[in-house]
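Following: one structure in structure tokens, then a few remarks.
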Amino acid sequence: MAEKEISILDREEIERKEILKRYKSLLRSIRHELTNEQKKEIRSAFDLALDAHKDMRRKSGEPYIYHPIAVAKIAASEIGLGTTSIVCALIHDVVEDSEYTNEDIRRKFGDKVAKIVGGLTKIQDVFDHTDSMQAENFRKMLLTLSDDVRVILVKLCDRLHNMRTLESMSRKNQLKISSETLFLYAPLAHRLGLYNVKTELEDLAIKYTQKEAYKEIGLKLNAKKAARDRYIKKFIEPLKSSLDESGLTYEIKGRPKSIYSILKKMNNQGIAFEQVYDLFAVRIIIDSKPEREKADCWTAYSIVTDIYKPNPQRTRDWITTPKSNGYESLHTTVMASDGKWVEVQIRTKRMDEIAEKGYAAHWKYKNNQDGVASAKTDGVDGWLSRIKEVLDNPSTNALEFLDDFKLQLIHDEIYVFTPGGDLKKLPVGATALDFAFEIHTEVGNKCIGAKLNNKLVPISHVLSNGDQVEILTSEKQYPKEEWLNYLVTGKAIARVRNYLRESKREAADLGKAILKKKFGKDKVVFNDDNIQKVLRYFKVNSPLDLFYSIQKGLISQDKLDIHFIVNNKIKTITKSDSLVKQNSTNKTNKKEIIVGEDKDLDYTLSKCCNPIPGDDIFGFITIGEGVKIHRTNCPNAVSLMSNYGYRVIKAQWQDSLVKDDKKFIAGIKIIGIDDVGIVSSLTDIISKNHGVNMKSITIESNSGTFEGTIALFVDDTKHLDLLIKSILEKHPTMQISRVDLNS
Ligand code: MN
């Protein structure tokens, strides 16, 4: 007994020392000089957090305080944030997890800190919510973002640390948190220009959502490292002597792609690792005086292109016109001596720091080097004010809003000019109509076409970099439903939706009056109950839709026998009907999958990704169709898991699967050199040697190469791998990858 007590005391002592050690390491990581005042503030935040979390532990069993200390350290050393953010990071979980209130924080640390912590508290990582609440949660986060961008920066530090320590969470939460990270946080980090944070978030997320692929690519990258380094060295060699002669102080390095971006490329283009792995960038970082930055970069550019031939279509000057997340760099793609294209990025140390760590790193410069850097803050400010515009639109519902916002996050940009020569930044894919809304809502509403470099084009015309666009308007024009098909900017989409909603409401008001009159004529009481009956009769979703349909003549008034409709029993299809039907047609006989902890729960295999035994899977509780099983790398998985996390349920294949006749559908894509008899050779290997049945096979030839998709019935992933292996043995030059059959 006594012994045990001592060991507990020992452990407490060891932990106390460890906590202090971590706190000191945080202090050391702060890059700017601290005043005594600031030191005190950070210390008192630490003390408060220590007290508030004193009895709490993380899922891993570690003292909870490790988490806020780690978050603060990320804020300080990896994003370069200042004292206020460090204080907020230390106490970011205090209000949520302890007796302390936001008022306590205000008294202790003042208004600014209280406001940021309040914003952080509002954004909760709650998983058991409805979908619209989840979207509402995102919306809240973005709302606080426009108050003070530090809320979102600290939130990203918080998320990064949670991702780094995700191992100890349950499988369900790993999937959910990872998907949410891919869906929202990584794009957000990207948009804020936090390249390092974004890349790490993405890589960590697929470590959990696509375990196997992650492991495999990681191993292969390691295996190829020596060859890659040799290649880069050889490429750099001739550049060095010229750069040295020019008198520039510089550093050159090669950067391999992240695991996430390699995987994305493999999946998107259906190509093998070997075709992606050696795509890397060579970066030249120049130590330059502020007033020499641009000239020095172009000097380096001219040296590079003297030695290697550049591809003129792939030179980008983001120094003269920085991206709106603040990114500045000069890019060119040149041909190396072995005929491979290599991207070369040229930038100064300052630009490099902004590119990797984001704007916060740049704020530091703003104080030091007046004028040079601060002139370029427009980017983030402009972005924040655009977000604010969308937010200020009160009628947008949360889910739509999220879509619009996502649009703003993911697109690359083009630059387009007004007739007067003003520059507008638009996402890639933006149309003349987007441009019109960018100028003014009224110009957008009345837009009938555009003059592009003096040529007439329709409103749906997709703009290119450097276009000069004049918008043509007409007083008779008004926004139409189909406009939504050719808009890509969040602002324009929100405006058009708004207009459509308004005009629908006006039409519905008229329709309601018509219906009410008709009710009176047929001597039926105009109440909710009876309106519901009419609604069900015509199978429309809401009273608004009903009124609108009547006003627009979509429901003809001759058919409108209210008396008949209201007094007849109308059979409506209930949810349980459709559930029963679903189960009887689509149910698998034996339970190959354990859903949650339940061996007997019914499920169906989803058709979008066709899981087969051996695949990493999860269950998704649908409305009316029971549990559906998806692969964790299903194209729909990220959005399902991040938006409807509370409906995700753990699922795994039974280990001891009794081999029976049950087969599963899987798709493979094969690319290769076209040859006579290729189809019969493939079908031979597949059906004769392996006894596998094919559901379908399509092969398309195209100037010497072919691309084929085959749907097969297999036992499991091992069976499929074996089959792919034997095709490759016979045809070593082919590329074979698994594909989703419906995409
Ligand atoms: Mn936290």
Here the relative contact order (percent) of region 218-376, from C-alpha pairs under 8 Å and at least 6 apart, is 20 percent
Treating only Lys and Arg (+1) and Asp and Glu (-1) as charged, each at its beta carbon, one finds that region 12-199 has a dipole about its Cα centre, in Debye to the nearest 20, of 620 debye
The FRET efficiency for residue 196 and residue 671, from their Cβ-Cβ distance with R0 = 30 Å and rounded to 0.05, is 0.30
From most to least accessible, 1.4 Å probe, no ligand or DNA/RNA atoms counted, 341, 298, 653 line up as 341, 298, 653
Rg (one decimal) and Dmax (whole number) from the Cα set of region 12-199, in Å, equal 15.9, 47
The distance between the Cα centres of region 414-464 and region 677-712, in whole Å, is 47 Å
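Among 176, 207, what's the order by accessible area (1.4 angstrom probe), most exposed first?
207, 176
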With label points set 7 Å from each Cα along the Cα-to-Cβ direction at residue 15 and residue 636, the distance between them in nm comes to 4.5 nm
Sorted on mean Cβ neighbours within 10 Å (highest first), peptides 280-288, 39-47, 491-499, 225-233 come out as 491-499, 280-288, 39-47, 225-233
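Once you keep just the Cα pairs under 8 angstrom separated by 6 or more residues, what percentage relative contact order results for region 498-556?
Numbers: 45 pairs, mean separation 29.8, N = 59.
Rounded, it is 51 percent for region 498-556.
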Given a 1.4 Å probe, the accessible area of region 664-739 per residue, as a whole number of Å², is 54 Å²
Length gained, residue 164-residue 663, 0.36 nm per residue minus C-alpha separation, equals 175.8 nm
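Among the listed pairs 309/424; 207/650; 516/552, which have their C-alpha atoms separated by more than 20 angstrom in this model? Walk me through the numbers on the way to the answer.
On the way: 309/424 32 Å; 207/650 17 Å; 516/552 16 Å.
Beyond 20 Å between Cα atoms: 309/424.
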Mean 1/r over distinct Cα pairs of region 664-739, inverted to a Kirkwood Rh in Å, yields 12.3 Å
Cα-Cα longer than 30 Å, checked against 224/323; 225/265; 115/294; 155/289; 21/215, kept in input order, equals 224/323; 115/294; 155/289; 21/215
Residues other than residue 49 with Cβ under 14 Å of its Cβ, Lys/Arg counted +1 and Asp/Glu -1, net out at -4
Checked against a 23 Å limit on the C-alpha separation, the offending pairs among 476/539; 476/504; 607/663; 257/357; 607/688; 264/340 are 476/539; 607/688
Taking 303, 448 and ranking on accessible area (1.4 Å, protein atoms only), highest first, one gets 448, 303
Net charge near residue 288 (other residues with Cβ under 11 Å of its Cβ; Lys, Arg +1; Asp, Glu -1) is +1
With region 193-292 reduced to its Cα atoms and the Debye formula applied, log10 I(q)/I(0) at q = 0.17, 0.18, 0.23 1/Å amounts to -0.87, -0.93, -1.20
Normalised per residue, the volume inside the convex hull of the alpha-carbon atoms of region 218-376 in Å³ amounts to 130 Å³
Taking a crude spin-label model, label points 7 Å out from Cα along the C-beta direction, the residue 525 to residue 552 distance in nm is 3.2 nm
At q = 0.15, 0.18, 0.28 1/Å the base-10 log of I(q)/I(0) from the Debye formula over the alpha-carbon atoms of region 498-556 is -0.40, -0.57, -1.23
Simple SL model, points at 7 angstrom along Cα→Cβ for residue 443 and residue 291; separation in nm is 3.8 nm
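The values are calculated or read from the model by the stated rules, or taken from the named source; none is laboratory data. Nothing here was measured: the structure is a model prediction, and the numbers come from that model. Positions of Cβ are generated from backbone atoms using ideal geometry, with glycine treated the same way; all protein chains shown enter the neighbour counts. With ligands, DNA and RNA removed, areas are computed over all heavy atoms of the protein, side chains included. Shrake-Rupley method; radii C 1.70, N 1.55, O 1.52, S 1.80 Å.
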